[in-house]
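First comes the structure, then the notes that go with it.
Read-outs throughout are calculated quantities, based only on the coordinates presented, and are distinct from any laboratory measurement. Predicted, not measured: the structure shown is a model, and the values here were computed from it.
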Ligand SMILES: Cc1cc2nc3c(=O)[nH]c(=O)nc-3n(C[C@H](O)[C@H](O)[C@H](O)COP(=O)(O)OP(=O)(O)OC[C@H]3O[C@@H](n4cnc5c(N)ncnc54)[C@H](O)[C@@H]3O)c2cc1C
């Protein structure tokens, strides 16, 4: 790379993080290639919630018409008690989000979001069947090595390769931490669960040792659910697989009819043992950086992993926009120094919710419910009100 030419960026991983970065780089006029290990592109059959801090960015990347046509905009998020479904708190989303934060709150099918991203990219951006096994960095560039023996060069590489990241190994020798909790995920037809779709909402029922979340996706035709339970038995690091509906039924025995009706409508469920990793001190070198779950894998109890990845992607593209060979290390440093404090806070809060959501009935639970039930519209401002592009402007290089 000459000192004055724009950098060529290699992205390892074609999940939501890698594809959003590819789109943000493309919009910034930078050349980028995504290397994805899977033979085909796709996402798991499950839902995803996107908050205004991410949707404002996806809209600016040109995805607003597609997202508005596919997503559900829930009117509210309600926390409820496990046994009688009484409401602990109700936070307004819908129009309220648009008014307060200038961007919507979306509930989507993951495959829809993934497809919208792929379709927005120039053809040939993603190379499939490319499992990266290692990367070598020198002062002039990086060389990626793949399982099939091939190699590729670039000026910088971004690891968007998820919680098991190969690229992260170049920086730190940590391992995923088991949370002791697993989730069953499923999709059911909305017409089979009329009580929970009467109004489009994100619903969370909190109970001792477990909680249950559901919300509509796919233009309201399907309801996505996530049922958290204590992990039983050993889990290794390939922790996703098929679950059994009867185990979810047993785990939620005695819960309110709203919850058991959703579980009862499921024909199949997937099972995931939840892991995260502790925040790290550094996630970049001169020509390598991390993004999304490879940088800051978190428990899903704030629904923020993909939201943070979208913020990362726009921040990184913004830092790289004007970079040259000489300034590349400084651009990666700027990206990391902007993103690490925020993603660390989100990782820690997500972990904190794994205790708060699962309190046994008693004094601590009543205190939690009273606190959550106290109206505080500003409670989510730090999360939803954040605009990474404003932050970029404030983090100008010296
Ligand atoms: C139950 C549950 C619910 C969640 N709900 C939400 C939510 O509502 N909102 C939200 O924002 N987040 C949510 N999350 C978190 C969110 O799913 C993740 O943070 C997000 O999907 C991470 O995207 P990623 O692209 O960083 O990683 P991944 O999705 O893991 O993608 C990594 C990609 O890299 C590829 N790859 C891996 N290794 C290699 C390699 N060596 N070479 C080439 N390719 C490779 C993989 O095949 C994959 O395509 C939830 C998570 C869970 C478990």
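Values computed for the structure shown
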read-out	value
Length-normalised contact order of region 180-231 in % [C-alpha pairs under 8 Å, at least 6 apart]	48 percent
Kirkwood Rh in Å, taken over region 106-168 so that all alpha-carbon pairs contribute	13.8 Å
Cα long-axis angle, helix 305-320 against the chain (0 to 90 degrees, to the nearest 10)	20 degrees
Cα gyration tensor category, rounded, prolate or oblate, for region 1-60 with a/c compared to 1.5	oblate
Percent antiparallel among DSSP beta bridges (both partners in the chain, rounded to 5)	70 percent
Sum of -39500 (n - 2.57) over DSSP H runs of 4+, divided by residues of the chain (222 nm, nearest 500)	-9500 deg cm²/dmol
Shape category assigned to the chain from the gyration tensor of Cα positions, a/c cut at 1.5	prolate
Gap separating the Cα centres of region 157-189 and region 356-398, nearest whole Å	24 Å
Difference of contour (0.36 nm per residue) and Cα-Cα distance, residue 96 to residue 371	96.9 nm
The chain: relative contact order in percent, alpha carbon pairs under 8 Å with at least 6 residues between	23 percent
